[in-house]
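J.: Next up is a structure, given as structure tokens.
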Amino acid sequence: MFRPLKILIGTKCPPTRCCSAFVSRMRYVNRLKEDDEACAAALQNAHIFLFHRLSPLLQRTEHRTLRPTALVCSDVQSVLERLGSDRTLLKESVLIGCSEENQAQFCLDVGDLDQAAVEEVCEGKFIDLRKSFFLLTGPEAPLVAKGQALLRWNQTSGFCSTTGQPTHRNRAGSQRVCSSSGIIYYPKMSPVVIVLVSDGKRCLLGRQSSFPRGMYSALAGFCDMGETLEETLRREVAEEVGLEVHSVSYSSSQHWPFPHSSFMMAFHASVSPAHTQLNVDHAELEDARWFSLEEITSALQVKTPPRRGDPPVVWLPPKHAIGNRLITEWADRQRRWEEGE
């Protein structure tokens with residue numbers, strides 16, 4: 001008889017496993033990347049997050065929120081056997097990292113299995129990652145994004161770009177080696193600048209046609225070969241809205257899984273209040289406009305995307321997205337300035 005799955009949502013490791021320091025965790029993960037035997041052993045006691053064709057498996061919690069479904073290795077083996085798959089599929093698991101308790105974390109794509117059958121057995125649902133980002137809260141979204149990015153990279157890097165020969169992954173899935181030349185490949189991210197432009201009283205947001213209805217965010221663009229970050233920033237703003245920015249300050253950075261793993265570097269920039277007339281390139285943006293502090297404050301209070309049929313409303317990227325962080329920083333700073341702090 002198939003025994004019930006032990007779904008681990010927010011579950012900590014046994015008390016015998018003491019919490020590690022940051023350096024200890026990083027060295028542990030690095031050892032798993034370099035030592036195939038150690039990585040295989042860690043998988044047996046790891047938390048494994050399932051994906052189906054790069055969509056993560058999510059489960060509703062008792063608080064009616066959604067979180068990724070973490071399974072233990074034995075339960076994943078049971079799922080595979082029950083649905084007629086070979087246990088050897090577990091070898092395709094990719095190392096994501098480890099928890100604060102040194103619990104190794106892996107992800108596995110079961111895209112060859114029937115989606116509905118896996119969802120029924122695991123009591124969860126595979127949800128497209130773009131939608132998942134609006135449903136997840138806390139540290140789960142970056143974890144799921146990293147897992148999907150590593151799975152995608154392994155699925156699309158099966159051949160050497162120099163020789164055309166097959167590449168073979170290490171046990172952790174953190175590198176691939178050409179079987180002919182020995183060239184080693186590592187996961188890559190594309191550098192992207194994202195910038196919130198202000199004229200001193202308002203901030204500038206835009207939307208692409210691919211955005212969900214009503215959503216606006218800061219301007220963003222890929223770095224061209226040979227450009228500095230500042231040059232990319234100025235070029236993108238000039239191209240997309242026809243403005244020349246002056247002062248620039250760095251905010252933070254973030255891995256972003258779209259479209260195929262980007263490294264987002266976030267900035268604030270200002271333009272002269274005398275030169276704020278927009279000239280939007282509609283090949284790049286569907287719309288761009290200036291927003292007051294009052295409008296931004298209202299948009300930040302929209303917690304969930306509007307449903308189909310709801311009245312139009314401006315809303316912003318999810319809280320864990322770096323675009324939201326930029327907008328929140330600007331609103332906090334503008335509010336303090338207006339209050340004379």
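The values are calculated or read from the model by the stated rules, or taken from the named source; none is laboratory data. Computed from a prediction, not measured in an experiment: that's the story for all the values here. Because the Cβ atoms are built from the backbone with ideal geometry, glycine has one as well, and the counts that use them run over all protein chains shown.
J.: Of the conditions (1) in contact with a helix residue (DSSP H, G or I) (Cβ under 9 Å, 6 or more places away or on another chain); (2) crowded, with 16+ Cβ neighbours inside 10 Å, R53 clears all except one; give me its number.
T.: Checking R53 against (1) in contact with a helix residue (DSSP H, G or I) (Cβ under 9 Å, 6 or more places away or on another chain); (2) crowded, with 16+ Cβ neighbours inside 10 Å, the one that fails is (2).
J.: Find all pairs meeting these conditions: Cβ atoms under 6 angstrom apart; at least six residues apart or on different chains; first residue within the stretch 184-212 and closer than 20 Å to V313 by Cβ; second residue of a type in the set (V, I, T) and in a strand (DSSP E or B).
T.: L204/V197
J.: Quick check on this structure: which one of E123, E119 is crowded, with 16+ Cβ neighbours inside 10 Å, of a type in the set (D, E) and either in the same structural domain as P68 (by TED's automatic domain parsing) or within 20 Å of H260 (Cβ to Cβ) (or both)?
T.: Among E123, E119, only E119 is crowded, with 16+ Cβ neighbours inside 10 Å, of a type in the set (D, E) and either in the same structural domain as P68 (by TED's automatic domain parsing) or within 20 Å of H260 (Cβ to Cβ) (or both).
J.: So, S74, is that one more than 30 Å from P305 (Cα to Cα), of a type in the set (S, T, Y) and buried (at least 19 other Cβ atoms within 10 Å of the Cβ) or not?
T.: No, not satisfied.
J.: If we scan the stretch 85-94, do we find a residue that is in contact (Cβ under 8 Å) with a residue 12 or more places away in the chain and touching a His at 6+ places or on another chain (Cβ under 8 Å)?
T.: Within the stretch 85-94, not a single residue is in contact (Cβ under 8 Å) with a residue 12 or more places away in the chain and touching a His at 6+ places or on another chain (Cβ under 8 Å).
J.: Of the conditions (1) at positive phi; (2) surrounded by 16 or more Cβ atoms within 10 Å (Cβ to Cβ); (3) among the charged types (D, E, K, R), D109 satisfies every one except a single condition; which number is it?
T.: Only one criterion in (1) at positive phi; (2) surrounded by 16 or more Cβ atoms within 10 Å (Cβ to Cβ); (3) among the charged types (D, E, K, R) is unmet by D109, namely (1).
J.: State which residue pairs qualify: first residue closer than 14 Å to V197 by Cβ and inside the stretch 226-250, second residue of a type in the set (S, T, N, Q) and loosely packed, with under 14 Cβ neighbours inside 10 Å in any location, beta carbons under 6 Å apart, and separation of 6 or more residues or different chains.
T.: Short answer, once both residue conditions are applied: G242/N279.
J.: Go through the stretch 282-338 and give me each residue that's part of a helix (DSSP H, G or I), more than 30 Å from E140 (Cβ to Cβ) and touching a residue at least 40 places away in the same chain (Cβ under 8 Å).
T.: L293, Q334, E338
J.: If E81 passes every condition in (1) more than 19 Å from the chain's Cα centre (by Cα); (2) buried (at least 20 other Cβ atoms within 10 Å of the Cβ); (3) modelled with pLDDT under 95 but one, which one does it miss?
T.: Looking at each condition in turn, E81 falls short on (2).
J.: With the condition kept exactly as written, say whether any residue in the stretch 99-112 is at pLDDT 95 or above, hydrophobic (A, V, I, L, M, F, W, C) and over 21 Å from R53 (Cβ atoms).
T.: yes
J.: Right, here's the next one. Taking only the stretch 262-280 into account, find how many residues are in contact with a strand residue (DSSP E or B) (Cβ under 9 Å, 6 or more places away or on another chain) and modelled with pLDDT under 95.
T.: 0
J.: While we're on this one: Please go through the stretch 253-283 and give me each residue that is surrounded by fewer than 19 Cβ atoms within 10 Å (Cβ to Cβ), under 23 Å from the mean Cα position of the chain (by Cα) and closer than 16 Å to S210 by Cβ, ordered by number.
T.: F258, P259, H260
J.: Next question, about the same structure. Could you list, in sequence order, all residues of the stretch 40-84 that are outside any strand (DSSP E or B) and closer than 22 Å to Y28 by Cα?
T.: Matches in the stretch 40-84: A40, A41, A42, L43, Q44, N45, A46, C73.
J.: Filter the stretch 180-226 for residues that are assigned to a strand (DSSP E or B), touching a Phe, Trp or Tyr at 6+ places or on another chain (Cβ under 7 Å) and of a type outside the set (S, T, Y) and give the result.
T.: Scanning the stretch 180-226 gives P191, V192, V193, V195, L196, C203, L204, L205, G206, R207, M215.
J.: Something else now. With the structure loaded, tell me whether T88 is assigned to a helix (DSSP H, G or I) and of a type outside the set (D, E, K, R) or whether it fails that test.
T.: Taking the combined requirement at face value, the residue satisfies it.
J.: Do you know which residues across the stretch 56-74 are of a type outside the set (S, T, N, Q) and either out of contact with any Pro (no Cβ under 9 Å at 6 or more places or on another chain) or modelled with pLDDT under 95 (or both)?
T.: Across the stretch 56-74, the qualifying residues are R60, E62, H63, R64, L66, R67, P68, A70, L71, V72, C73.
J.: Scan the stretch 320-331 residue by residue and report those that are in contact with a Leu (Cβ under 9 Å, 6 or more places away or on another chain) and of a type in the set (D, E, K, R).
T.: Correct list: E329 only.
J.: While we're here: Any residue in the stretch 75-88 that is in contact with a Lys or Arg (Cβ under 8 Å, 6 or more places away or on another chain), under 26 Å from P317 (Cβ atoms) and not basic (K, R)?
T.: No: zero hits.
J.: Continuing with the same structure: What residue, of F159, F133, is aromatic (F, W, Y) and crowded, with 19+ Cβ neighbours inside 10 Å?
T.: Criteria check complete, one pass: F133.
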